[in-house]
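Visitor: Okay, here's the structure, questions in a sec.
The values are calculated or read from the model by the stated rules, or taken from the named source; none is laboratory data. No experiment lies behind these values; they were computed from the predicted model shown. As a convention, Cβ positions derive from the backbone with ideal geometry for all residues, glycine included, and neighbour counts pool all protein chains shown. The accessibility values were calculated without ligands, DNA or RNA, using every heavy atom of the protein model including side chains. Shrake-Rupley method; radii C 1.70, N 1.55, O 1.52, S 1.80 Å.
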Amino acid sequence: MIEIKVNGKDYSLEEKPGEMLADLLRYRLGLTGTKIGCGEAECGACTVLLDDSPVLSCSYPAVKASGHAVLTIEGLAEKSPKPVHEEGQLHPLQEAFITKGAVQCGFCIPGQIMTSYGLLLANPDPSQEDIKAALKDTLCRCAGYSAISEAVTEAGAVMRSEGQITPREVPDSVHARRVVGRTAHRPEAFSKVTGEAKFSDDLQFEGLLVGRTKRTYVPHAIVKNIDVTKAEKLSGVRAVLTAADLKHAKNHGLVVNDWPILVGVGERVRYVGDAVAIIAADTGEIATAALKLIEVTYDEQPVIDDPVKAREPEAVQLHETGNLLKHIKVRKGDVVAGFADSDVVVEHSYHTAMTDHAFIEPECSIARVNEDGRMEVYVGSQIPYSDRKQVADALGWPEERVRVIGMLIGGGFGGKEDIMGQIHAALLAERTQRPVKVLYDRHESLLVHPKRHATQIHVKVGAKKDGRLVSVETELYGDTGAYASLGEKVLTRATTHSIGPYESDHAKADCYAMYTNNPPAGAFRGFGVTQSAFAIESTMDMLAEKLGMDPIELRKMNALRVGSVTSTGQVLHESVGLLECIDKVESELRKRVEGNPFDPRVSDENPDKIRAWGFSTAFKNTGLGGGAPDEAGADVELYADGTVQVRTSSAELGQGLCTVLRLIVAEELELPAEKVDVLLSDTDLTPDGGPTTASRQTYVSGNAGLHAAKAFKQAVRGVLAEKYDCTPDQIEISSGQVFICGRGMSFAEVYQEFKSIHREPKVRYVYQAPVTKPLGQGGDMHFAFSFAAQAAEVEVDRNTGEVKVLTIIAANDVGTAINPLGLAVQVEGGAVMGLGNALTEAFLTKEGRVITDRLARYRIPSITHSPEIVSFIVEHPVATGPFGAKGVGEIVSIPTTPAITNAIYNATGYRVDRLPVDQELIARHIHQDKFVGK
Amino acid sequence: MPTWKYYLLPTSLPQAFQYIQSHGPSCLIVSGGTDLLLEIQQEHRAPVDALIDVTRIPELNAIEVRDERLFIGAAVPLNQVSGSLLVQQHGQALAESTGQIGGPQVRAVGTLGGNVGHALPAGDGAISLLALDAWAEVASAAGSRRIALAQLYKGPGVSALEAGKEIIVGFDIPLQQVGQGSAFSRVMRPQGVALPIINMAAWLEVRDDHITEARLAVGPAGPVPKRAGDIETFIQGKTLNDALLTEAKQVLHTCVQFRSSPLRATSGYRDHLAEVLLKRVLSTSWHRALQSNRGRRQE
Ligand SMILES: Cc1cc2nc3c(=O)[nH]c(=O)nc-3n(C[C@H](O)[C@H](O)[C@H](O)COP(=O)(O)OP(=O)(O)OC[C@H]3O[C@@H](n4cnc5c(N)ncnc54)[C@H](O)[C@@H]3O)c2cc1C
Ligand code: FES
Ligand code: FES
């Protein structure tokens, strides 16, 4: 028996073989606030306190906790020295996490809070260093590490009765209005700090089966035979499906339907994560055992593991359309003439690694046939309507018979756009007529979902002696892996941004998006621009050096500004804050550093450490662009209690869409923010908001919300004008009330007015973003761009080559900062993600097989990597944006990598041209001939 | 198959051996489980019938001075090892290394017994134990024996213990005397597994500005944790200064050979880092030894 006290309550439970404490808490006691991010003792999401000491419940045997007291996030508020937050009881740590903006997607938050609580019990007044040491292995992919650190410090002070929780110091927007542009907290933050928030795996259903997928683990083969007879006979197995069972769609895909739902006999396996069979069984153990009983034989084929190889004429063609997904071309002027006209020419080649989103919440889909015979799919998805279509196609059902119910998303970053388990869960649920959960463990997540494209980029720039760019030419090879996913779009963005945020009369870019037998590559924060920015920004620094010019001056001279023409022929008419971003970062830099910040300096504390700054800029489109229709629908509805709900299917993945929509609608309706509720991501209840991608939510979905609110005002005016016999413009909406010729009426009364004439107090608006032009046609390829500049200070250990980033100064032009607090943590999280891209992350494969198939082998930045981050917000509004806003999500991350690698060059003379940075190569460079080893 | 069928928590050694006997060959000893449980879950090892958890056996949880040596129980959690004043006093290298293993949650359950039992050639705890001249106490149903740490290793990941039959009770190291000092250091890579690409621990005895005795352990410099005997003899009787360090580095290359591990470090980089660490651990131990001398004189 397990005798255990959990959150003060005694339990006496049967022992179960192999059961970990996390399983007991989550699945037996229903305490789903404790999260499982990796199951391999790496991420800390599952941290609970065992007799006041933080332990990893995912790898702590449940029996071992017998006789001990366990505290989970659900029990923390009761430990609070002082009661009650407006929504209920909170512990000071929980309150501080909300107030400081530390809560983003929220998935890691219970673990962060419990680890921090353990620290404060042992050390009531921790220093910054203590906090970093304690939280070292509790990872946050949204990377709100500075906010977390501040929250722990202040909560400690409250617990010692020495202080209180203060708002985070974030300036309001320069375009601030009543609520827009002023700090607001997430509507869903309370549930995220108490553990009540529900992610897919937290749902429980009667009779729930476990679905598992048989992966090929071979990168390239033809399937010769699949034998499932043994698996079917195993007791507890409810269904085994193979491609032979697919009666309708055989493939799925976001743009091209090239990704097999299941690979059948005689068909081609294109990567190790391809699925050949799916199983539903009573328990996870039975399902796993059954997977092993499935026998598959393969005729293995030569593996194409490199995009350049894939383009060779004799290469095997992986798809009917060949290995070339797309040749993407940018042409402006005449580069040959441009180079002839240049005084200096610099060229260099770069390689970037495949990287993984490593959202802390692995993929989970639950499907169930409901009482009306419809399919419900519960999933944290970035594109619910696309899931609905793809699931319906696979079932052969009309789309309306499928309902996708979006759950909270524990981080997405582009990695939750493609279908993962949604279709498999639905097929199994249809077959068994029982609810089926398909939850990936970290290993499967790493193996299967699309990555950031590995690229090879060659850049050639030509300039006049004074630094003016004349000609830029780039050539990119992008490894899009086994399937198209969003590969073409991503690499188009990589290509069109490969000239950098600069004006050059002559520009030419060619990109070959190639299929290979590597895991597919698709959307990932930055959408291809992360890669091309690294290449062009490194080359700009090389050019500055060759010209003997200050790298900031060079960038200023060539920076895009209002009136500039981009490499795709787009004239920029407004909202180009790049120069101001550069100025902001530069003046902070000059304030901090005497002399040239780009010169190496020996650290005062340790003569073996050399420091230097590096600089970089970036731009990134907002919205789909390139001629794709970009629209989003939103509903606004008034309820009897006078509150308003805004609904769209766009997704909240931690970036803060809920808050943004709430503020926009509250602003327009003149309501207090708390009166506006936001409902997202449900294909029955919310209109299609389009994909949550391309930094488009604030702009496109935000505009949908704004226009829906405007339309709702019109409707109110119409109804009341008719009833009270006045003109609509005699009806005024302000200060949370509606005034009819001066007579005030509450929103609750307005609701009654609608009902009394049998009108629904709700409107729908489908917003269409300005039309864009496809690449190659000139004109506006995008309706807005965000801009940024960053400076990074690194410290390199001259002996070992180890690199530490000390400080990042960032300036981002976001049009209007709708929610400055949310923006502040996006900036920090983006910079830390960029730091990971530079220093820690490499998703490795060998001949198509995945080496980094555990979180233990794929490192993402932890709080110990988190530098001081100084942020400036630049606000050049876009006329068509909601209150002037444009995209934020991606731009904040893009310049970080080249700022760091340029700093490394300035510190050591070593030019990083392959990501991630290899400290061994730095050490070899520093010691060159004295290097003892071979 | 579940990772285990029975998870047993004996509270005495005899009870542990009784469990071992009744479960026959399909049982394994587990301590913090931070290595073993993951290995089974990730199918690097077959699931077992029984796991015998040794963390509740009092003998394995002691840290105390016994017979002029410091005894550290094999099941003491790593954070208690690094936090122990006795360990800090008598084995700074061990306090330093155990304080760097994993993160706080791993250190709250992981143990020294497991670090040694896992038998990695660069286990951080093991490398410093080696430099501290540790001996292990190993018990079996037949009785107990003492064995020098180096003898506990057979190959990478393979200990000389009889699997599932022998239990490490603890380790003992000599008490630190005046004029002695030790140090540990390692270099990590920001990518890939959180194991050091190289680690090193030194222990020195210094009298009248001369090294009278030295021990140096290096990982991963072969299939098992390794002492660099040639260096130990070479620096003996000498004063630590830049010239000696320069020469010592040369000797190091003749007695320690590193392998290249793809994606982690070439042998050349390890050779280079070995020089860096040699200087670090020797200088720190030297200063600590001198400090303890001074401390003594002031008394
Ligand atoms: C996130 C993470 C980070 C890590 N970082 C490091 C690191 O930086 N440096 C490092 O060296 N290691 C590291 N490790 C590995 C591991 O945590 C340590 O080696 C730890 O000391 C193992 O102790 P344990 O008690 O958990 O071992 P267990 O997993 O319980 O056991 C390991 C092995 O030793 C055997 N064993 C354990 N105790 C005994 C005993 N008393 N008698 C006989 N055999 C026994 C077991 O049978 C098993 O074969 C890390 C692990 C994780 C998960
Ligand atoms: S550490 Fe337990 S879930 Fe990641
Ligand atoms: S808030 Fe930490 S992972 Fe998202």
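Visitor: Helix-only mean residue ellipticity at 222 nm, chain B, DSSP H runs n ≥ 4 weighted -39,500 (n - 2.57), per residue, nearest 500. What is it?
Guide: Helix contribution divided over all residues of chain B: -10500 deg cm²/dmol.
Visitor: If you don't mind, another one. Given the protein chains as shown and a 1.4 Å probe, how many square angstrom of A:Ser53 are accessible, to the nearest 10?
Guide: 40
Visitor: In square nanometres, what is the average projected area of the Cα convex hull of the range A:794-934? Mind dumping the intermediate values first?
Guide: Values: hull surface 44.7 nm².
Here the figure is 11.2 nm², rounded to one decimal.
Visitor: So if I place +1 on the C-beta of Lys and Arg and -1 on the C-beta of Asp and Glu, and nothing else carries charge, what would the dipole magnitude of the protein assembly as shown be about its Cα centre? I want it in debye, nearest 20. Working shown, then result.
Guide: Values: 126 positive and 152 negative charges, 238 e Å.
So the magnitude is around 1140 debye.
Visitor: Can you list the equivalent-ellipsoid semi-axes of the range A:664-707, largest first and in whole Å, using the square root of 5 times each Cα gyration tensor eigenvalue? The partial results should precede the final answer.
Guide: On the way: eigenvalues 78, 38, 13 Å².
So the three semi-axes of the range A:664-707 are 20, 14, 8 Å.
Visitor: Please report, in Å, the Rg and the Dmax of the range A:433-503, where both are computed over Cα atoms only.
Guide: Just the Cα atoms of the range A:433-503 yield Rg and Dmax of 19.6, 73 Å.
Visitor: Using a 10 Å cut-off on Cβ to Cβ distances, tally the other chain neighbours for every residue of A:53-61 and report the average as a whole number. Before the final figure, lay out each step's value.
Guide: Values: counts 6, 4, 6, 7, 1, 3, 10, 7, 9.
Mean inter-chain Cβ contacts per residue within 10 Å come to 6.
Visitor: If the cut-off is 18 Å between C-alpha atoms, which aspartates and glutamates fall inside it for B:Lys165, apart from same-chain ones fewer than 8 positions away?
Guide: B:Asp49, B:Asp53, B:Glu59, B:Glu137
Visitor: At a 1.4 Å probe, what is the % contribution of carbon and sulfur to the accessible area of chain B? List each step's numbers first, then the result.
Guide: Working: 6000 of 11800 Å².
Of the solvent-accessible surface of chain B, carbon and sulfur hold 51 percent.
Visitor: Moving to a separate point now. Quote the relative contact order of the range B:58-174 in percent (integer), defining contacts as alpha-carbon pairs under 8 Å separated by 6+ residues.
Guide: Numbers: 220 pairs, mean separation 33.0, N = 117.
The value is 28 percent.
Visitor: Starting from the Cα coordinates of the range B:191-299, work out the convex hull volume and express it per residue in Å³. If you can, show how the numbers build up before the last one.
Guide: Details: hull volume 11.9 nm³, N = 109.
Normalising the Cα hull of the range B:191-299 by residue number yields 109 Å³.
Visitor: Could you name the lysines in cross-link range of A:Lys609, using Cα to Cα under 26 Å and dropping any fewer than eight places away on the same chain?
Guide: A:Lys132, A:Lys136, A:Lys591, A:Lys804, A:Lys930, A:Lys934, B:Lys249, B:Lys279
Visitor: While we're on this one: Please list, in order, the residues from the range A:251-267 whose amide nitrogen is less than 18 Å from a point placed 7 Å along the Cα→Cβ vector of A:Asn225.
Guide: So the set is A:264-267.
Visitor: With a Förster radius of 35 Å, plug the Cβ-Cβ distance of A:Asp172 and A:Tyr639 into 1/(1 + (r/R0)^6) and report the FRET value to the nearest 0.05. Spell out each step's value before the answer.
Guide: Details: r = 30 Å, r/R0 = 0.85.
E(calc), rounded to 0.05, equals 0.70.
Visitor: May I pose another question? Stokes-Einstein D for chain B at 10 °C, 1.306 mPa s, Kirkwood Rh over Cα pairs, in µm²/s?
Guide: Details: Rh = 19.7 Å.
Answer from the Stokes-Einstein relation: 81 µm²/s.
Visitor: Compute the FRET efficiency between A:Glu553 and B:Thr246 as 1/(1 + (r/R0)^6), taking r as their Cβ-Cβ distance and R0 = 41 Å, and round to the nearest 0.05. Mind dumping the intermediate values first?
Guide: On the way: r = 45 Å, r/R0 = 1.09.
Efficiency, rounded to the nearest 0.05: 0.35.
Visitor: I need the phi-derived Karplus couplings for the range A:858-864: 6.51 cos²θ - 1.76 cosθ + 1.60, θ = phi - 60°, integer Hz, Gly and Pro marked x.
Guide: For the range A:858-864, the Karplus curve yields 10, 8, 10, x, 10, 4, 6 Hz.
Visitor: Another question, if that's okay. If you stretched the chain out fully between A:Glu545 and A:Lys710, how much longer would it get, using 0.36 nm times the residue separation minus the C-alpha to C-alpha distance? Spell out each step's value before the answer.
Guide: Numbers: separation 165, 0.36 × 165 = 59.40 nm, distance 5.33 nm.
Working it through step by step, the gained length comes to 54.1 nm.
Visitor: Right, next: Under the definition of partner shielding as Cβ atoms of other protein chains within 10 Å of a residue Cβ, what is the mean value for peptide A:37-44? The partial results should precede the final answer.
Guide: Numbers: counts 0, 0, 3, 4, 12, 6, 0, 4.
Whole-number average of other-chain Cβ neighbours for A:37-44 is 4.
Visitor: Determine, for each peptide in B:140-149, B:93-102, A:257-266, A:223-232, the mean count of other beta carbons within 10 angstrom over its residues, then list the peptides with the highest first.
Guide: Working: B:140-149: 12.7, B:93-102: 24.7, A:257-266: 19.6, A:223-232: 16.1.
Top of the packing list down: B:93-102, A:257-266, A:223-232, B:140-149.
Visitor: Could you give me D for the range B:129-231, from Stokes-Einstein at 4 °C and 1.567 mPa s, where the hydrodynamic radius is the Kirkwood radius over C-alpha pairs? Units µm² s⁻¹, please. Intermediate values should be presented prior to the final figure.
Guide: Numbers: Rh = 15.5 Å.
Rounded, D is 84 µm²/s.
Visitor: If you don't mind, another one. Taking the Cα centre as origin and putting +1 on Lys and Arg beta-carbons and -1 on Asp and Glu beta-carbons, what dipole magnitude results for the range A:97-201, to the nearest 20 debye? Don't skip to the answer; put the middle values down first.
Guide: On the way: 12 positive and 12 negative charges, 97 e Å.
Around 460 debye, computed over the range A:97-201.
Visitor: What list of whole percents do you get for P(r) of the range B:82-195, with Cα-Cα distances grouped in 5 Å bins up to the one holding the largest distance?
Guide: Percent of pairs per bin, in order: 2, 11, 21, 23, 20, 13, 7, 2, 0, 0.
Visitor: For the range A:178-234, just list the percent of Cα-Cα distances falling in each 10 Å bin from zero outward, please.
Guide: 13, 23, 20, 17, 16, 8, 2
Visitor: Cα atoms only, the range A:59-168: Rg and Dmax in Å?
Guide: For the range A:59-168, the Cα-based Rg and Dmax read 13.8, 43 Å.
Visitor: What FRET efficiency comes out for A:Glu399 versus A:Thr288 if R0 is 25 angstrom and r is the Cβ-Cβ distance? Round to the nearest 0.05.
Guide: Values: r = 33 Å, r/R0 = 1.33.
Between A:Glu399 and A:Thr288 the formula returns 0.15.
Visitor: Given the alpha-carbon gyration tensor of the range B:6-53, what are the semi-axes of its equivalent ellipsoid in whole angstrom, ordered largest first, with each equal to the square root of 5 times an eigenvalue?
Guide: Details: eigenvalues 78, 29, 8 Å².
Semi-axis lengths for the range B:6-53 are 20, 12, 6 Å.
Visitor: Tell me, what HN-Hα J-couplings in whole Hz come from the Karplus equation 6.51 cos²θ - 1.76 cosθ + 1.60 at θ = phi - 60° for each residue of the range A:739-750, using x for Gly and Pro?
Guide: Couplings: 10, 10, 6, x, 8, x, 9, 7, 5, 5, 5, 4 Hz.
Visitor: What's the ranking of A:273-281, A:176-184 by average number of surrounding C-beta atoms within 10 Å, highest first?
Guide: Details: A:273-281: 26.1, A:176-184: 20.9.
Ranked from most to least packed, the peptides come out as A:273-281, A:176-184.
Visitor: Could you tell me what fraction of 2.2 N^0.38 Å the Cα radius of gyration of the protein assembly as shown comes to, as a two-decimal ratio?
Guide: Details: Rg = 31.2 Å, N = 1233, 2.2 N^0.38 = 32.9 Å.
Taking N as the residue count of the protein assembly as shown, the ratio is 0.95.
Visitor: Given the C-alpha centroids of the range B:188-236 and the range B:5-56, what is the distance between them in whole angstrom?
Guide: That distance is 33 Å.
Visitor: If you don't mind, there's one more thing I want to ask. Averaged across orientations, what area in nm² does the convex hull of the alpha carbons in the range A:379-517 project?
Guide: On the way: hull surface 46.0 nm².
About 11.5 nm², averaged over all directions.
Visitor: Further, regarding this structure: Using helices alone, what [θ] at 222 nm do you get for chain A, with -39,500 (n - 2.57) per DSSP H run of 4 or more residues, divided over all residues and rounded to the nearest 500? Don't skip to the answer; put the middle values down first.
Guide: Numbers: 23 runs with 250 residues, N = 934.
Using -39500 (n - 2.57) per qualifying helix, the result is -8000 deg cm²/dmol.
Visitor: Could you give the Stokes-Einstein D for the range A:1-196 in µm² per second, using the C-alpha Kirkwood radius, 37 °C, 0.692 mPa s?
Guide: Values: Rh = 17.2 Å.
Roughly 191 µm²/s, to the nearest whole number.
Visitor: If you don't mind, another one. Once you average over the residues of A:132-138, how many Cβ atoms of partner chains fall within 10 Å of each Cβ?
Guide: Working: counts 0, 3, 3, 2, 5, 7, 3.
For peptide A:132-138, the averaged partner shielding equals 3.
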